[in-house]
Amino acid sequence: MIELVINLMKQGSLIESTGEKFLEGESAMLSSNISTISKLQQKGDFSWGLISYPSDPLNADMSSGLQFNQVLSINKESANKEDVWKIISYLMSEDSVEHLQSQDFIGNTSTLKSRIGSYGGIDISNLINKRVDTRRGYYDDLSQEFQGKFSEMLKSVLESGVADAKSADQVYEEIVTQGSSIYREERLKNE
């Protein structure tokens, strides 16, 4: 797999985050959030589709790709409950959702019954008709800092593997060595 990734990186046709190479037909796949739908619609001269992140084959009805990262609530001790409720009610209104979904940078979909399953007129039900996988994962005990460092290291090692024409085995060994070091650092920090 590392060899395949290195070869695709050499060609410049591996997944990329901006979507520009994908939109120009130079990349076969794009991993992005749903805000990319508007760019895909504007392009209009090629066929595309959406799929959800891979699921655990033993729990295919669950997805770890769904995230609920914006929860609105009111503290029961708040002196301004009524005012806060007005703000939350507006944020959950059709007008607010229309505005938020028209912004390219948002990448969120509404949970309003009238909106769920659609984004920018595109059916996204195959993306959201799964239960959220809330089981603890291997990364749950690892800090965001660790995950960021590991991700950056992986990108750097793969890029240097391409630039320096390293073998897949050399790249693998470097990933293991640097990854182990980052992991030990994380564990020491938590002791």
(request) Please go through the residue pairs K21/K155; K39/K130; K76/K113; K81/K189 and name each one whose alpha carbons sit more than 30 Å apart in this structure. (result) K81/K189
(request) Tell me which residues come under 5 Å, amide H to amide H, from S27 once H is placed; ignore anything under 5 positions away on its chain. (result) F22
(message) With every protein chain left in place and a probe of 1.4 Å, what is the accessible surface of V132, to the nearest 10 Å²?
(response) 50 Å²
(request) Would you kindly state how much longer the chain becomes between N129 and E152 on full extension, computed as 0.36 nm times their sequence separation minus their alpha carbon distance, in nm to one decimal? (result) 5.1 nm
(request) Subtract the Cα-Cα distance of Q42 and L58 from 0.36 nm times their separation in residues, and report this length gain in nm to one decimal. (result) 2.0 nm
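The values are calculated or read from the model by the stated rules, or taken from the named source; none is laboratory data. Since we're looking at a predicted model, the values are computed, not measured. Accessible surface is based on the protein model in full, side chains and every heavy atom, while ligands, DNA and RNA are left aside. Shrake-Rupley method; radii C 1.70, N 1.55, O 1.52, S 1.80 Å.
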